[in-house]
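Where a number appears in this text, it was derived from the coordinates with a stated rule and is not lab data. A quick note: this is a predicted structure, and the numbers were derived from the prediction, not measured. When we count neighbours, we look across all protein chains shown, and the Cβ atoms used for this are built from the backbone with ideal geometry, even at glycine.
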Amino acid sequence: MPPLKDFSSVSPSAKSLLMMKGYTNIPYAKQTAALMHGDEVFGLNFEDKDFWFWIRVMHFESRYWSIDQLLQQTDSKNILELSSGFSFRGLDLCDKDAGMHYIDTDLPEVVALKQDMIGQLQLDKDVRGNFELLPLNAMDAAAFDQVMNRFSGPVTIVNEGLLMYLNLEEKKQLCHTIHRTLKQRGGCWITADVYVQRSAEMMATLPKSESEKAFTEQHHIEENKFESYDAARRFFKEQGFEVVQEAEPNYKDLSVMPQLLKVLPEEMRNSKQPPPKIQATWMLRAV
Ligand SMILES: C[S@@+](CC[C@H](N)C(=O)[O-])C[C@H]1O[C@@H](n2cnc3c(N)ncnc32)[C@H](O)[C@@H]1O
C-alpha cells in the first residue's frame, strides 16, 4: 500500500468556516466560533463585513442546512460524517434523539481541538444519543472500515467541504470505499461537494485575498471541482452511484438574510432571481 498523503494543510479552512458560521444560527456555531482567535487562512475581513462577506456566510449556512434537509428524508439513526471540521451537527442530532448513533470524524489535530472545545463549553452534557468524535483520514480505507464497524445496520455517510481537496484519483478511491460499504450494509451518501468550476467572469468578480489565492492554488481547488453538473452525475454513475435526490436551497429562511439584505446592491434588491448556482447537495445510492 502506498503511504497515505498528508491532508493536514487543508485543516485551517475549517477554522475560517467556523468563524463565518459564527454569524448564523447553525447549532453551536456562535459559542464555538467565539473560542477561535488569531488569523485564518482565507484572510476574511471581519472588520468591514461587505456584500461578499455575507454572500459567503450565506453559502456556507445554506450548505449546512442542505445536508440536514436530505438527512431528514432518510430517517437514519446511524450517521458517519467525514471531514466534519468544526461543525457540530452530530452533537445537535444526538441532543435531540436518544436513538441516534453519530460518528463525527476529521483528521487527528482537528478532532483533538474540537474535543477540547466541547470540553471547555461542556457541549456534550445533555447528549442523549451515542455521539462519538474520532480521528479518521477518509482516504484510509482500513481505518474507514474500523470506524464503520462501530455501527450495526445501514449507515448514512455525510460530508461537506472535502471533495474539492481530492484529485480525480483520490475522489475515485473515496467513492470506491463508500460504495463498497453501502453495498455491504445499505444506506446512502449525502454529499454537499458537487461544486462546478467557475466561469472566468465569476472568477474575476469574486474578490480574494492573497492568502486565499495561495490556499486555493496550493490545493488545486478549481481543478478538483466538476466541469458541470452533468459531468458530476456521469462521474458518480461511473463509480456506481445513482443520484436519488438534490437538496432545494431555501434562501429566504437563512439566519444570515437580514445582514445580507442590508448590504445588497440596489440592482439585486429588486431581482427575483436566486443567487447563481455554484454547488449542489446530492443524495447518492450505491447501485
Ligand atoms: C473546508 S473544511 C470543512 C469542514 C466542515 N465540513 C465544514 O463544512 O465546516 C475541510 C475539512 O476537511 C478535513 N480533511 C481534509 N482532508 C481530509 C481527509 N483526507 N480525511 C478527513 N478529513 C479531511 C480538514 O481537516 C477540514 O476540517
> Out of all the residues in the stretch 157-181, which are touching a strand residue (DSSP E or B) at 6+ places or on another chain (Cβ under 6 Å), surrounded by fewer than 23 Cβ atoms within 10 Å (Cβ to Cβ) and more than 21 Å from H59 (Cα to Cα)?
Replying inline: H179
> When the residues of the stretch 2-52 are filtered to those that are loosely packed, with under 13 Cβ neighbours inside 10 Å, among the polar types (S, T, N, Q) and assigned to a loop (DSSP other than H, G, I, E, B), which remaining residue is nearest to the ligand (Cβ to nearest atom)?
Replying inline: N25
>> Of everything in the stretch 129-156, what is of a type outside the set (S, T, N, Q) and loosely packed, with under 13 Cβ neighbours inside 10 Å? Give them in sequence order.
In response: A142, G153
>> Tell me the residue from Q273, Q239, Q197 that is free of Cβ contacts under 8 Å to residues at least 60 places away in the same chain and either of a type in the set (S, T, Y) or closer than 27 Å to V10 by Cβ (or both), please.
In response: Q197
> Could you count how many residues in the stretch 250-283 are of a type in the set (A, V, I, L, M) and either in contact with a Ser or Thr (Cβ under 7 Å, 6 or more places away or on another chain) or at positive phi (or both)?
Replying inline: 2
